[in-house]
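**Student:** First, the structure itself, so that you have it in front of you.
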Amino acid sequence: MILRVNLLPYRDSRREKVMQIILLAWGATAVLGVGLIIFTSSYISDHILAQTAVKKQKTAVIAQLDKKLGEIKDINVRKRQVKARLAVIETLGLQRDLPVHLLESISIAIPDKVWLQEISTYQNTLSITGNTLSNAMVADFMRKLASSKYISNVNLNNIAQSKRASNNNKLRNFKLSADIVIPTLNKPEKSGTNRGDK
């Protein structure tokens with residue numbers, strides 16, 4: 001007698017189990033993929049939000065720094081203006097005594113037998129007219145004037161015989177011109193020390 005076993009139901013059930021396993025694997029893969037996509041999307045969104053917040057914060061800090069930089073520039077402009085005004089005031093203070101120094105320089109330089117008729121200034125030019133007995137006295141007067149720190153470039157414009165006489169000596173009329181040296185502030189020399197050195 002031959003035994004016959006019907007294996008079709010077993011194969012069908014096995015096939016169904018394999019199909020169930022494949023469907024479960026696909027379903028798990030799909031769920032895992034969707035979860036991974038959601039997680040990645042959420043992570044990227046959070047990262048973008050965090051970067052946006054950092055960008056806004058840095059933009060606010062840059063705006064504050066720009067405002068402070070503008071204030072510093074305004075302060076530096078005002079500081080330069082104040083320094084320029086102080087320099088003008090100090091220069092005027094130095095120049096206030098200039099006429100006294102000019103007259104003192106002339107009185108020290110004038111030799112005997114030289115008589116001045118007129119002293120005048122125009123802008124930075126000094127003009128002197130006078131009388132003398134000899135050309136040598138005029139040359140001596142010019143040399144002494146040039147040695148003053150308030151007078152430079154002394155020039156003889158004119159010297160001529162005068163029509164008047166003094167004790168039978170013929171006078172000579174002369175006219176000098178010179179540049180007035182305007183006192184200015186000495187600019188401080190820059191030191192070679194670094195800013196960090198105190």
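**Student:** Given the condition out of contact with any strand residue (DSSP E or B) (no Cβ under 8 Å at 6 or more places or on another chain), part of a helix (DSSP H, G or I) and among the charged types (D, E, K, R), answer yes or no: does some residue in segment 109-130 qualify?
**Tutor:** Of the residues in segment 109-130, the ones out of contact with any strand residue (DSSP E or B) (no Cβ under 8 Å at 6 or more places or on another chain) are 109, 111-112, 122-123.
Now drop any that are not part of a helix (DSSP H, G or I), which leaves 109.
Going one step further and asking which of them are among the charged types (D, E, K, R), we end up with none.
Checking segment 109-130: not a single residue is out of contact with any strand residue (DSSP E or B) (no Cβ under 8 Å at 6 or more places or on another chain), part of a helix (DSSP H, G or I) and among the charged types (D, E, K, R).
**Student:** I need the full set of residues from segment 122-133 which are hydroxyl-bearing (Ser, Thr, Tyr) and surrounded by 13 or more Cβ atoms within 10 Å (Cβ to Cβ), in order please. Walk me through it before giving the result.
**Tutor:** Quick first cut of segment 122-133, residues hydroxyl-bearing (Ser, Thr, Tyr) only: 122, 125, 127, 129, 132.
Residues satisfying the conditions are Ser127, Thr129, Thr132.
**Student:** Pick out the one residue from Leu32, Leu92 that is out of contact with any Ser or Thr (no Cβ under 6 Å at 6 or more places or on another chain), under 30 Å from Lys175 (Cα atoms) and not assigned by TED's automatic domain parsing to the domain that holds Ile151. Show your work before the answer.
**Tutor:** Values: Leu32 fails: under 30 Å from Lys175 (Cα atoms).
Result of the check over Leu32, Leu92: Leu92.
**Student:** Return the residue satisfying two criteria in turn: it lies in segment 147-198 and is more than 47 Å from the chain's Cα centre (by Cα) and aliphatic (A, V, I, L, M), and of such residues it is modelled with the lowest pLDDT.
**Tutor:** Only one residue tops the list, namely Ala165.
**Student:** Could you tell me whether Thr91 is within 26 Å of the chain's Cα centre (by Cα), in a helix (DSSP H, G or I) and among the hydroxyl-bearing types (Ser, Thr, Tyr)? Explain how you work it out, then say what you get.
**Tutor:** Working: within 26 Å of the chain's Cα centre (by Cα): yes; in a helix (DSSP H, G or I): yes; among the hydroxyl-bearing types (Ser, Thr, Tyr): yes.
Judged against the criteria, Thr91 is a match.
**Student:** Within the group Ser127, Ser105, which residue is assigned by TED's automatic domain parsing to the domain that holds Ser162 and at pLDDT 90 or above? Reasoning before the result, please.
**Tutor:** Working: Ser105 fails: at pLDDT 90 or above.
Just one listed residue meets the conditions, Ser127.
**Student:** Right, something else. If you take the residues of segment 72-102 that are among the charged types (D, E, K, R) and modelled with pLDDT under 85, which of them is farthest from Phe141 (Cα to Cα)? Spell out how you get there, then give the answer.
**Tutor:** Keep residues of segment 72-102 that are among the charged types (D, E, K, R), which gives 73-74, 78-80, 83, 85, 90, 96-97.
Among the residues that remain, those that are also modelled with pLDDT under 85 are: 90, 96-97.
On the way: Glu90: 32, Arg96: 25, Asp97: 23 Å.
In this case the residue turns out to be Glu90.
The values are calculated or read from the model by the stated rules, or taken from the named source; none is laboratory data. On a predicted model such as this, the values are computed, not experimentally measured, just so you know. No Cβ is skipped: glycine too gets one built from the backbone with ideal geometry, and neighbour counts run over all protein chains shown.
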